[in-house]
Amino acid sequence: MRVAVTRRIPARGIEVLELAGCAVSVWPGDLPPSREELVRLAADADGLLTLLTDRIDGELLDALPNLKVISNMAVGHDNIDVDACTARGVVVCITPDVLTETTADFTWALILAVARRVCEAASTVRRGEWRTWEPLGFLGQDVHGATLGVVGFGRIGQAVARRALGFGMRVLYTDRTPVDASLENKYGARFVSLDELLGASDIVTLHVPLTRETYRLIGARELSSMKPTAILINTARGPVIDTAALVEALAAERLWGVGLDVTDPEPLPPDHPLLEFPNVLVTPHIASASEVTRQRMAELAAQNLISALRGERPPRSLNWDTIARKGA
Ligand code: DGY
């Protein structure tokens, strides 16, 4: 089994592939391979282990006719045209669950950092500007007792809500449908419409996948319905927010603070207008970046890939059943 890996990944992933007898070629660059480089790397590969920075579409699949499986080392899969893969019998796998808690932890890192102006305040210390204790210095927003609005109440949204219990928060959530009453009770969470959530929340946190329906879900109208004291957090995907509308809302001081681990575009250029606002904290898409979680993601991506190549049901596939049904 020949496998191409589109970047250096945690060692455990490569180990699992090699132990299964795969011949592994790893793209050595720090940046993602270009389309041509990817086609060359994976020319005779049976399986491709991809990252969210690799665009997988029909054109690429046609250039790689040997390919049987795409295993994305991410839970998000908006970089993959799954229908194009299914139509060609290419199995697509992802890595949910293993990153849920780590991503929820990081969402809270952003919430607390923005609400309490941690980065702004810390950088003044480094600049030698800490002169005295100031009664009016760096006044933030309380997190305890505030209302948290969770947009997208899947695994990660729920893990974020669970942590809110410790802060004594009121939790509102929205999704396509409500979850079971038992889960609502567990998190003390109430299902509301997106509009109600935006109008009532002190902190709004986004946890929806990027799809046609969620593209620019948070635009000018939605931003203007938020409280002027509200904080917006995004650890999902950048294009869920209309960036131009967000810049406008910030310029008009219609939001109190923003924490973004994902942006549109990504990476965000250093001269982007978003970076001019001191109340905007941007991190470079690192919510799942803990030592242990990245090893687990790599391991699961490798296990998915091997199972699919062996013709077995992978632990986490998006289209295995459909392809198996078609083949039967
Ligand atoms: C994902 O898995 O989709 C994250 O964005 C990266 O961990």
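How large is ³J(HN,Hα) for each residue in region 214-229, as worked out from phi by the Karplus curve 6.51 cos²θ - 1.76 cosθ + 1.60 (θ = phi - 60°), to whole Hz, x for Gly and Pro?
So the Karplus estimates, Gly and Pro as x, are 9, 4, 6, 4, 9, x, 4, 5, 5, 5, 6, 8, 7, 5, x, 9 Hz.
Using Cβ counts within 10 Å as a stand-in for footprinting exposure, how do 317, 193, 71 rank, fewest first?
Sorted ascending by nearby Cβ count, the order is 193, 317, 71.
Equivalent-ellipsoid semi-axes (√(5λ), Cα gyration tensor) for region 64-183, whole Å, largest first? Write down the numbers at each step before the final one.
Numbers: eigenvalues 319, 97, 20 Å².
One finds semi-axes of 40, 22, 10 Å for region 64-183.
At 7 Å along Cα-to-Cβ for each site, give me the label-to-label distance between residue 120 and residue 142 in nm.
Result for the modelled spin labels: 1.9 nm.
Find the relative contact order for region 100-282 and round it to a whole percent, using C-alpha pairs within less than 8 Å whose residues are 6+ positions apart.
This gives 21 percent for region 100-282.
Okay, helix-only estimate at 222 nm for the chain: each DSSP H run of n ≥ 4 adds -39500 (n - 2.57), divide by all residues, round to 500 deg cm²/dmol; what do you get? The partial results should precede the final answer.
Working: 13 runs with 118 residues, N = 328.
When only DSSP H runs of four or more count, the value is -10000 deg cm²/dmol.
At 24 Å minimum axial length over the Cα atoms and a Kyte-Doolittle cut of -0.5, report the qualifying DSSP H helices in the chain, or say none.
Helices meeting the criterion: 291-309.
About the Cα centre, and with charges only on the beta carbon of Lys, Arg (+1) and Asp, Glu (-1), how big is the dipole of the chain? Nearest 20 debye, please.
Magnitude of the dipole: close to 640 debye.
Where in region 140-160 is the amide nitrogen less than 11 Å from a point lying 7 Å along the Cα-to-Cβ axis of residue 181?
No residue qualifies, since no backbone N sits under 11 Å from the label point.
Separation of region 54-69 and region 210-229 by C-alpha centroid, Å?
Result: 34 Å between the Cα centres.
As an exercise, find the ratio Rg/Rh for region 100-282 from alpha-carbon atoms, using the Kirkwood inverse-distance average for Rh.
0.97
Kindly write out, for region 191-204 in residue order, the coupling ³J(HN,Hα) from the Karplus curve 6.51 cos²θ - 1.76 cosθ + 1.60 (θ = phi - 60°), rounded to whole Hz, with x marking Gly and Pro.
6, 9, 6, 4, 4, 5, 4, 5, x, 9, 8, 8, 10, 10
For the chain, treating each Cα as an identical point scatterer without solvent, what Debye log10 I(q)/I(0) comes out at q = 0.07, 0.10, 0.13 1/Å?
With no solvent term, the Cα-only Debye profile gives -0.32, -0.64, -1.00.
Grab the eigenvalues of the alpha-carbon gyration tensor for region 131-215, scale each by 5, take roots, and send me the semi-axes largest first in whole angstrom.
For region 131-215, the ellipsoid semi-axes come out as 28, 16, 11 Å.
What distance in nm separates the two pseudo spin-label positions at residue 66 and residue 31, each 7 Å out from Cα along the beta-carbon direction?
With each label placed 7 Å out from Cα toward Cβ, I get 2.8 nm.
In the neighborhood of residue 202, defined by Cβ-to-Cβ distances under 11 Å, what is the net charge if each Lys or Arg adds +1 and each Asp or Glu adds -1?
+1
Name the residue from 39, 238, 161 whose Cα lies farthest towards the positive end of the charge dipole of the chain, charges +1 on Cβ of Lys and Arg and -1 on Cβ of Asp and Glu.
161
Using Cα-Cα distances under 8 Å and only pairs 6 or more residues apart, what relative contact order does the chain have, in percent?
21
Here, each number is a calculation from the coordinates, and none is a lab measurement. As the structure is a prediction and not an experimental result, all values here were calculated from the model. As a convention, Cβ positions derive from the backbone with ideal geometry for all residues, glycine included, and neighbour counts pool all protein chains shown.
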